[in-house]
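Visitor: Before I ask anything, here is the structure I am working with.
The values are calculated or read from the model by the stated rules, or taken from the named source; none is laboratory data. These numbers come from a predicted model, not from an experiment. Using ideal geometry, Cβ is built from the backbone for each residue, glycine included, and neighbour counts are taken over all protein chains shown. With ligands, DNA and RNA removed, areas are computed over all heavy atoms of the protein, side chains included. Shrake-Rupley method; radii C 1.70, N 1.55, O 1.52, S 1.80 Å.
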Amino acid sequence: MSGEFHDGVVKALGDDALRQHLRRAMDSLIAKRLAVFPDQDALQELRRYGMAIRGNALSKLPQLLERFEARCEENGIHVHWAETTDEANKTVFEILQSHDVKRLVKGKSMVSEEMGLNHFLEAKGIECLESDLGEFIIQLAGETPSHIVMPALHKSKQEIAELFHEKFPDIPYSDDVDELTAVARGILREKFMQADAGISGVNFLIAETGTLCLVENEGNGRMSTTVPPLHIAVTGIEKVVEELADVPPLLSLLTRSATGQPITTYFNMIKGPRQPGEKDGPQEVHLVLLDNGRSRIFADEELQATLRCIRCGACINHCPIYTRLGGHAYGTVYPGPIGSILEPQKEGLERLGELAEASTLCGACGEVCPVRIPIPKLLNRLRWEGVRRDGTGETSGQGRRRKHSESLAWKAWSSLASRPALYRIAVKSACRFRRMLPQQLGPWTHVRKAPEIAEKPLRELVEVQGLTDE
Amino acid sequence: MNESRRQILDRLRAVSREEGGVLQRRVDRRVWNQDEKVQRFAECMSAVRAEVYRTSEVSWVNDLQRILKSKGAGNLLYAPAKAHGKLLREDLSSSGIELVPYDLEVERWKRRLFEQMDASITGCRGAIAETGSLILWPDEDEPRLLSLIPPIHCVLLRAEQIYSTFSEAIDIQGWADGMPTNALLISGPSKSADIAQVLAYGVHGPKSLVILIIP
Ligand code: SF4
């Protein structure tokens with residue numbers, strides 16, 4: 001493991017309170033999801049449908065993006081394209097600048113986290129306030145989201161109470177959730193009123209109608225996209241679906257998989273800016289479509305499945321690794337299984353290829369994914385991409401994780417395994433001299449005993465029992 | 001900018017894939033009669049702490065008045081140009097609850113809207129039984145913020161306009177042929193579980209959602 005990830009892991013594993021907190025949170029999310037999918041057959045059917053809808057959209061991605069863009073222009077939404085996060089940030093900044101924006105409110109958006117948008121804009125003197133309660137909390141704490149759906153999942157009630165007390169000393173200390181929520185509501189209402197612009201993410205783009213869809217429970221997304229005179233949405237190019245009729249099944253899969261809700265409080269479908277005669281809504285709506293490596297992922301037939309993701313977080317909630325580490329240890333924008341397939345592809349294997357190794361391949365993520373992304377298979381594929389040397393394929397950093405000692409060991413093994421006589425001798429001597437084999441096997445034996453070799457090879461035991469290898 | 005657009009689309013187009021099969025779309029419907037739909041809708045709404053009242057054409061204004069009084073609301077934001085708006089003006093004006101029309105652009109009275117409105121009332125375009133959701137298409141007469149800013153949001157719903165699923169509503173109402181500037185599904189009062197996974201209501205939107213069902 002590299003320094004950064006290694007340190008993150010060590011730190012997370014040393015935090016017992018965090019681990020207990022995560023275990024409880026994940027258990028409850030797992031139970032809630034199960035409860036809203038009472039019928040296994042119906043669930044599997046819906047997952048197949050969800051996969052087909054997303055697969056269909058990706059199979060026509062360039063055409064759908066053009067169709068979507070044309071409809072948006074008709075509806076009065078300005079569409080911008082950005083190759084990189086830097087370009088996306090600059091685009092947003094230029095729009096804000098041309099409207100002389102000083103203060104803005106933000107709805108939750110993982111793509112804006114990917115862009116590091118707040119940081120970028122604040123350096124230019126624009127106040128960015130996160131308005132989703134969870135995002136608001138971590139912004140106060142100067143942290144990053146530890147989960148893609150519940151950004152402040154890692155924080156306990158007491159930690160939040162202390163944080164509020166520290167940041168707003170005038171307000172009496174309370175660790176009552178309703179009171180804390182009321183404090184945030186009061187502060188943010190004022191900000192919604194004053195904001196010159198609102199920034200949001202998007203859950204689905206509909207090519208047929210040129211509509212932006214937002215899923216949320218709090219109403220801050222509606223506030224950010226309705227109250228300020230300017231609305232800028234940022235999202236990835238993969239978010240498009242072909243028809244309006246594709247949305248209800250995906251919405252149902254998304255909310256049920258994410259939080260076990262049959263539906264969220266608000267489903268907000270935006271077609272354009274305020275029309276003549278209308279009394280509210282933004283005067284201008286812009287959408288920034290970000291690539292940032294997605295078109296490269298798109299080029300690989302197998303890895304393209306990564307782009308089916310609807311960001312529900314179910315894979316994260318069911319991941320034994322995430323449940324022990326939490327999101328921050330990964331050191332990436334997207335943690336957990338989805339992060340471990342997405343981030344190495346976006347950032348390159350040389351930097352983040354090790355994330356694909358941070359998995360037991362237990363398969364839970366692939367089983368719960370509402371759009372049936374074969375995450376374990378893709379993790380394996382990325383492990384291979386990290387060591388293959390044939391120079392084909394699209395993944396950046398290919399072959400950069402190859403280790404000389406490892407490849408030597410595998411070579412030795414394969415030459416041994418393809419010579420039966422030699423192999424038998426080797427196994428026999430390993431059994432005979434098993435007590436003389438090393439007991440210290442690097443980090444593995446720091447906390448475990450070295451595996452013991454049996455007295456007799458399996459082959460002999462089986463022969464004694466009269467079984468043959470047919 | 002246009003250069004990026006071209007580059008991205010070119011890269012996507014350069015990937016040639018075999019045509020996948022045609023996506024078999026289906027409308028998901030349930031065979032529920034109206035009573036079952038009302039029942040299911042009310043159950044889902046109650047589960048998320050919305051209040052559902054079965055009322056009637058003649059008594060809804062009275063019922064509304066009673067509910068608002070019990071919640072201590074002193075005023076009611078409404079859409080004066082809607083049919084229910086006219087009725088409210090006739091029947092609610094002597095109740096002591098001040099009727100406030102939403103007839104100005106938001107910029108002209110933002111602070112009052114945000115700080116002084118106790119409750120609001122809107123109609124809706126129907127509802128969804130499966131998930132317990134109201135369908136709202138805000139428009140010139142009934143702006144978007146009516147259903148978002150005041151802490152109590154009341155909605156008039158006609159029982160015959162409850163569809164079994166979202167997919168059925170989209171299909172029967174022909175949404176794809178023309179969407180409004182903003183279409184909404186509202187499935188309860190505003191809520192969050194961002195603090196220690198404990199549910200709290202009224203985070204940014206209304207804390208109470210009151211639904212009056214008219215048969
Ligand atoms: S990979 Fe699947 S389970 Fe994970 S966030 Fe994406 S859609 Fe959800």
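Visitor: May I ask you to give the percent of accessible area on region A:59-292 that is carbon plus sulfur, with a probe radius of 1.4 Å? Please report the intermediate quantities before stating the final value.
Guide: Numbers: 3380 of 6950 Å².
The nonpolar share, carbon plus sulfur, comes to 49 percent.
Visitor: Rounded to the nearest 0.05, what FRET efficiency do A:A412 and A:R103 have when you use their Cβ-Cβ distance and R0 = 56 Å? Numbers along the way, then the final one.
Guide: Working: r = 64 Å, r/R0 = 1.14.
About 0.30, to the nearest 0.05.
Visitor: Given H placed 1.01 Å from N in the peptide plane, which residues other than close sequence neighbours of B:R125 have an amide H under 5 Å from its amide H?
Guide: B:I135, B:L136, B:W137
Visitor: What total accessible area, in Å², is buried where chains A and B meet, using a 1.4 Å probe and rounding to the nearest 100?
Guide: 7100 Å²
Visitor: Where in region A:250-276 does accessible area fall by at least 40 Å² between the isolated chain and the complete protein assembly, at a 1.4 Å probe radius?
Guide: Going by heavy-atom accessible area, the residues of region A:250-276 that drop by at least 40 Å² are A:I263, A:T265, A:Y266, A:F267, A:M269, A:K271, A:R274.
Visitor: List the residues whose amide H sits under 5 Å from the amide H of A:L287, counting only those 5 or more places along or on another chain, with H placed 1.01 Å from N in the peptide plane.
Guide: A:H78, A:V79, A:H80, A:A233
Visitor: Here's something else I'd like to know. When the Karplus curve 6.51 cos²θ - 1.76 cosθ + 1.60 is applied with θ = phi - 60°, which whole-Hz ³J(HN,Hα) does each residue of region A:174-188 get, with x for Gly and Pro?
Guide: So the J values, rounded to whole Hz, are 8, 10, 8, 4, 5, 5, 4, 5, 5, 4, 4, 4, x, 5, 6.
Visitor: Relative contact order of region A:417-465: what whole-number percent is it, with Cα pairs under 8 angstrom and at least 6 residues apart? Numbers along the way, then the final one.
Guide: Working: 22 pairs, mean separation 18.0, N = 49.
Once divided by the residue count of region A:417-465, the mean separation gives 37 percent.
Visitor: Each residue of region A:408-414 in order: what ³J(HN,Hα) in whole Hz does its phi give by Karplus 6.51 cos²θ - 1.76 cosθ + 1.60, θ = phi - 60°, with x for Gly and Pro?
Guide: 5, 4, 5, 4, 4, 4, 5
Visitor: Okay, moving on. Peptide B:169-181: average number of partner chain Cβ atoms within 10 Å per residue?
Guide: On the way: counts 1, 5, 3, 0, 0, 0, 6, 7, 2, 2, 11, 6, 12.
Neighbouring Cβ atoms belonging to other protein chains average 4 per residue here.
Visitor: Additional query: As an exercise, take the mean of 1/r over every pair of distinct alpha carbons in region B:29-214, invert it, and state the Kirkwood radius in angstroms. Each step should come with its number before you reach the end.
Guide: Details: mean 1/r = 0.0590 Å⁻¹.
The Cα-based Kirkwood calculation yields 16.9 Å.
Visitor: With no solvent and one point per C-alpha, what does the Debye sum give as log10 I(q)/I(0) for chain A at q = 0.09, 0.10, 0.12 Å⁻¹?
Guide: Log10 I(q)/I(0), no solvent term: -0.68, -0.81, -1.11.
Visitor: Next up: Taking the radius of gyration and the Kirkwood hydrodynamic radius from Cα positions alone, what is the Rg/Rh ratio for region A:353-470, to two decimal places?
Guide: Values: Rg = 19.1 Å, Rh = 18.1 Å.
Rounded to two decimals, Rg/Rh equals 1.06.
Visitor: With contacts defined as alpha carbon pairs under 8 Å and 6 or more residues apart, what's the relative contact order of chain A in percent? Before the final figure, lay out each step's value.
Guide: On the way: 748 pairs, mean separation 88.7, N = 470.
It comes to 19 percent, rounded to a whole number.
Visitor: Something else about it: Determine the residues within region A:122-170 where the difference in accessible area between the chain on its own and the full set of protein chains amounts to at least 40 Å²; count protein heavy atoms only and use a 1.4 Å probe.
Guide: The answer is A:L133 - residues whose exposure falls by at least 40 Å² when every protein chain is included.
Visitor: Then there's this: Taking amide H atoms as placed 1.01 Å from N in the peptide plane, list the residues 5 or more away in sequence, or in a different chain, whose amide H sits under 5 Å from that of B:V52.
Guide: B:I211
Visitor: Would you mind checking A:K90/A:K346; A:K167/A:K346; A:K191/B:K86; A:K11/B:K207 for any pair whose Cα atoms are more than 30 angstrom apart? Don't skip to the answer; put the middle values down first.
Guide: Working: A:K90/A:K346 20 Å; A:K167/A:K346 36 Å; A:K191/B:K86 34 Å; A:K11/B:K207 40 Å.
Those over the limit are A:K167/A:K346; A:K191/B:K86; A:K11/B:K207.
Visitor: Next question, about the same structure. Please work out how much length the chain gains when fully extended from B:R26 to B:N2, using 0.36 nm per residue of separation minus the C-alpha to C-alpha distance, in nm with one decimal.
Guide: Values: separation 24, 0.36 × 24 = 8.64 nm, distance 3.74 nm.
Stretched fully, the B:R26-B:N2 segment lengthens by 4.9 nm.
Visitor: Each label point is 7 Å from the Cα along the Cα-to-Cβ direction; what then is the distance between the points at B:L99 and A:A17, in nm?
Guide: Each label point is offset 7 Å from its Cα along the Cβ direction, giving 5.6 nm.
Visitor: While we're on this one: Once you order the gyration tensor axes a ≥ b ≥ c over the Cα atoms, which shape class does region B:109-210 get: rounded for a/c under 1.5, otherwise prolate or oblate by comparing a/b with b/c? Present the calculation step by step, with values, prior to reporting the outcome.
Guide: Working: a/c = 2.05, a/b = 1.34, b/c = 1.53.
Judged from the Cα gyration tensor, region B:109-210 comes out oblate (a/c at least 1.5, b/c at or above a/b).
Visitor: So how exposed is A:M150, as accessible area in Å² (1.4 Å probe, rounded to 10)?
Guide: The accessible area of A:M150 comes to roughly 20 Å².
Visitor: Over what distance in Å are the Cα centres of region A:221-281 and region A:375-420 separated?
Guide: So the two Cα centres are separated by 43 Å.
Visitor: Continuing with this model, one more query. Would you mind checking region A:371-409 for residues with the amide N under 20 Å from a putative spin-label position 7 Å along Cα→C-beta of A:A430?
Guide: A:405-409
Visitor: Of the GluC sites (Glu not before Pro) in region A:120-227, which ones lie in a loop per DSSP and count no more than 16 other C-beta atoms within 10 Å?
Guide: Numbers: sites: A:E122, A:E127, A:E130, A:E135, A:E143, A:E159, A:E162, A:E166, A:E179, A:E190, A:E208, A:E216, A:E218; in loops: A:E143, A:E208, A:E218.
Passing sites in region A:120-227 are A:E143.
Visitor: Mind listing the phi-derived Karplus ³J(HN,Hα) values for region A:52-58, rounded to whole Hz, using 6.51, -1.76 and 1.60 with θ = phi - 60°, and x for any glycine or proline?
Guide: Whole-Hz 3J(HN,Hα) from phi for region A:52-58: 5, 5, 5, x, 4, 4, 5.
Visitor: State the percentage of accessible surface on region A:417-465 attributable to carbon and sulfur atoms; use a 1.4 Å probe and exclude ligands, DNA and RNA. Before the final figure, lay out the partial values.
Guide: Numbers: 2720 of 4490 Å².
Carbon and sulfur together cover 61 percent of it.
Visitor: Which percent of the accessible area of region B:153-193 is formed by carbon and sulfur heavy atoms (probe 1.4 angstrom)?
Guide: Working: 420 of 980 Å².
About 43 percent, which is the carbon plus sulfur part of the accessible surface.
Visitor: Multiply the residue gap between A:S405 and A:Y173 by 0.36 nm, knock off their C-alpha separation, and tell me the result in nm, one decimal place. Each step should come with its number before you reach the end.
Guide: Details: separation 232, 0.36 × 232 = 83.52 nm, distance 5.76 nm.
Additional length available on full extension: 77.8 nm.
Visitor: Let me ask something else. Please give the Cα centre distance for region B:90-154 versus region A:114-153, rounded to the nearest Å.
Guide: The two parts, judged by their Cα centres, are 31 Å apart.
Visitor: Output needed: Cys residues of chain A lacking any neighbouring Cys C-beta below 4.7 Å, sorted by number.
Guide: Singleton cysteines: A:C72, A:C128, A:C213, A:C309, A:C312, A:C319, A:C362, A:C369, A:C431.
Visitor: Describe numerically, in nm with one decimal, the distance between label points set 7 Å from Cα along Cα→Cβ at A:D41 and at A:K124.
Guide: In this crude label model, A:D41 to A:K124 measures out at 5.6 nm.
Visitor: Under 1.5 on a/c is rounded, so check that first for region A:59-292, then, if it is not, pick prolate when a/b is larger than b/c and oblate when it is not; a ≥ b ≥ c are the square roots of the alpha carbon gyration tensor eigenvalues.
Guide: Judged from the Cα gyration tensor, region A:59-292 comes out prolate (a/c at least 1.5, a/b above b/c).
Visitor: Sticking with this structure for a sec: What FRET efficiency would be calculated for the residue pair B:Q34, B:L199, taking the C-beta separation as r and a Förster radius of 22 Å, to the nearest 0.05?
Guide: 0.10
Visitor: To one decimal place, what orientation-averaged projected area in nm² is obtained for the convex hull of the Cα set of region A:417-465?
Guide: Values: hull surface 17.8 nm².
Average of the hull's projected areas for region A:417-465 equals 4.4 nm².
Visitor: Pick out which of B:I162, B:I186, B:I172 has the largest mean-square fluctuation in a Gaussian network model of chain B, springs linking Cα atoms closer than 10 Å.
Guide: B:I172
Visitor: Of all DSSP beta bridges located in region A:59-292, what percent are antiparallel, nearest 5? It would help to have the intermediate numbers written out before the result.
Guide: Values: 8 of 33 bridges.
Once the DSSP bridges in region A:59-292 are tallied, antiparallel ones form about 25 percent.
Visitor: What distance in nm separates the simple spin-label points at B:S70 and A:R24, each placed 7 Å from Cα in the Cβ direction?
Guide: 3.5 nm
Visitor: Keeping every protein chain present and rolling a 1.4 Å probe, give me the accessible area per residue for the protein assembly as shown in Å². Mind dumping the intermediate values first?
Guide: Numbers: 29410 Å² over 685 residues.
Per residue, the protein assembly as shown has an accessible area of 43 Å².
Visitor: Here's something else I'd like to know. On the first, second and third principal axes, largest extent first, how far apart are the outermost C-alpha atoms of region A:37-136 in Å?
Guide: Computed over region A:37-136, the largest-to-smallest principal extents equal 53, 35, 25 Å.
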